[in-house]
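Data block below; observations after.
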Amino acid sequence: MTTVEFRTPGALADAERWTAHNYHPLPVVVAEAEGAWVTDVDGRRYLDFLAGYSALNFGHRHPGLIAAAHAQLDRVTLTSRAFVHDQFATFCRGLAELCGKDLVLPMNTGAEAVETAIKVARKWGYRVKGVADERAEIIVAANNFHGRTTTIVSFSTDPEARADFGPYTPGFVVVPYGDLDAVRAAITPNTVAVLMEPIQGEAGVLVPPAGFLAGLRELCDTNNVLMIADEIQSGLGRTGKTFAIEHDGVVPDMYVLGKALGGGIVPVSAVAADQAVLGVLRPGEHGSTFGGNPLACAVGAEVVRLLATGEFQERSARLGARLHAGLEAMIGHGVVAVRGRGLWAGVDIDPALMTGRQACERLAERGVLAKDTHGSTIRLAPPLVVTEEDLDHALAQLAAVLKG
C-alpha cells in the first residue's frame with residue numbers, strides 16, 4: 001500500500017518558523033494559479049473568493065497582463081525616477097484619462113499612495129488654502145483602513161492596528177463613517193482634506209448611507225476642502241463601475257489607487273488629481289526609487305486598457321447581482337446581513353453558529369477561499385473573471401457550511 005506524503009504541513013511549519021507572525025493565514029499553501037482558481041502544493045484546487053483583497057481583479061495570470069510583463073522583462077525593469085523611460089508617460093496619461101484628472105503620481109503600495117495623498121493635501125493646505133504652518137487637519141472615518149504605516153495607524157480606530165505603535169502622528173480628526181453632520185461639525189479653517197473610503201472594506205464592506213458622499217462633496221466645495229477617495233480596494237471595476245464613488249455621481253479631488261493597478265503581478269499604486277492639487281509638489285519633495293518603474297508602468301498601462309473597454313465593470317455589475325441575490329437568500333438561514341456592491345460583499349454570519357474565521361476554515365475545506373474580519377463577518381471578493389458556475393459553486397459551499 002502506497003503512503004501519500006502531503007507537502008502542506010511541512011510548508012506551513014517552515015513558514016511559521018521563519019517569518020514574523022504578522023498574519024494568521026488559512027492552512028493553504030498555493031503553488032499555482034490561473035483565472036479564479038488556485039492549486040496548492042498537494043494538487044488541491046480552490047476557488048479564490050478573496051482575489052488578494054482586490055489586487056487580483058483580473059484574475060490570476062491574466063494573459064494580457066502576463067504578456068505585457070514578459071515583454072517588458074526582456075527590455076528594462078528599473079531606471080529610478082532619475083531618468084525617464086518609454087513606458088512612463090503611456091501609463092500616466094492612460095490612468096489620468098481614466099480618472100478624468102490632469103496628473104498622476106505613481107508609487108508602489110497602497111499605503112504609499114495614501115501617504116502621498118496626505119502629504120499633498122497638507123502642502124496644498126499651506127500653499128494654496130493658506131493654513132498656518134503645522135496646523136493642517138485631515139478628517140477621516142472611524143473603522144477606516146488605509147494601510148499600516150505609523151502615520152496611517154495614528155488615525156486608525158482598530159486596536160490591533162494601532163496599539164503599541166505610538167507616539168502617533170497628529171493632524172487627524174476621526175468622525176463616524178457615513179455621518180454628514182459629524183463631518184460638518186469637524187470642519188475648521190485648518191481642515192485641508194476629508195479622506196474616506198467610498199465603501200469601507202476592512203470594516204466589513206460597509207456602504208455609506210444614500211446621499212452621504214454627495215453631501216460630503218458639497219461640504220468640501222463649500223469649505224474649500226479637498227475630497228480624497230481611497231479606492232485602493234473599491235476601485236478599478238470591483239463594484240460594477242470603474243470607481244465605487246461613481247455610484248453616487250461624485251468626483252473627488254483626488255483618487256488614491258493601488259492593488260488591482262498592478263494586475264496581481266507587481267505592486268503599483270498612484271494618486272490622481274488635477275494640476276491645482278498635485279502641482280504643489282516640486283522636485284525632491286516626494287518620491288520613490290521603484291515608483292513608476294518600467295515593469296510597473298507596462299503592467300499598469302495594460303490594466304488601464306482592460307478597464308477602458310468597460311468589460312470588467314459590466315461583468316462585476318451583472319455577476320455581482322447574482323452573487324448578492326444568492327447571499328441575500330441565506331439571510332435567516334445562518335446569515336444575519338449582507339452588504340456590498342458588484343463582486344464585493346460583506347457577510348455577517350450568525351455568531352451563534354460560528355465565527356468568521358471558522359466559516360472561512362470550513363469554506364477552505366470545501367475548496368473556497370475567503371477572509372474573515374471583525375468577529376463573525378466574512379468578505380467575498382472573487383476575481384472579475386469569475387464565471388456564473390463558479391459563483392453558484394461558492395454559494396452552494398457557503399450554504400453547506402451554514403447548515404453544518
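The values are calculated or read from the model by the stated rules, or taken from the named source; none is laboratory data. On a predicted model such as this, the values are computed, not experimentally measured, just so you know. Quick reminder, even Gly has a Cβ in these numbers, built from the backbone with ideal geometry, and neighbours come from all protein chains shown.
None of LEU395, LEU323 is surrounded by 22 or more Cβ atoms within 10 Å (Cβ to Cβ), closer than 28 Å to THR39 by Cβ and modelled with pLDDT of 95 or more except LEU323. Checking each residue in region 130-157 for being of a type in the set (Val, Ile, Thr), buried (at least 18 other Cβ atoms within 10 Å of the Cβ), touching a Phe, Trp or Tyr at 6+ places or on another chain (Cβ under 8 Å) and not in a strand (DSSP E or B) picks out only VAL153. Candidates in region 163-218 are the residues that are out of contact with any helix residue (DSSP H, G or I) (no Cβ under 7 Å at 6 or more places or on another chain) and part of a helix (DSSP H, G or I); of these, the one that is nearest to ALA229 (Cα to Cα) is ARG217. Figure legend. Inter-residue proximity from region 84-111: first residues within 24 Å of ALA71 (Cα to Cα), second residues acidic (Asp, Glu), beta-carbon distance below 7 Å, spacing 6+ or different chains. Indicated pairs: ALA96/ASP102.
With respect to GLY310, determine if the residue is of a type outside the set (Ser, Thr, Tyr), closer than 14 Å to THR242 by Cα and free of Cβ contacts under 8 Å to residues at least 12 places away in the same chain.
So GLY310 passes the test.
None of ARG127, ARG122 is surrounded by 16 or more Cβ atoms within 10 Å (Cβ to Cβ), assigned by TED's automatic domain parsing to the domain that holds VAL304 and part of a helix (DSSP H, G or I) except ARG122. If you go through region 39-52 one residue at a time, do you hit one that is surrounded by fewer than 20 Cβ atoms within 10 Å (Cβ to Cβ), outside the structural domain of ALA193 (by TED's automatic domain parsing), closer than 30 Å to GLN200 by Cβ and at pLDDT 95 or above? Yes: one or more hits.
You will find that of ALA113, ALA89, the residue that is within 26 Å of LEU384 (Cβ to Cβ), in a helix (DSSP H, G or I) and either not assigned by TED's automatic domain parsing to the domain that holds ASP181 or not acidic (Asp, Glu) (or both) is ALA113 and no other.
If we keep just the residues of region 232-248 that are charged (D, E, K, R) and in contact with a helix residue (DSSP H, G or I) (Cβ under 6 Å, 6 or more places away or on another chain), which is nearest to ALA141 (Cα to Cα)?
Filtering first and then ranking leaves ASP248.
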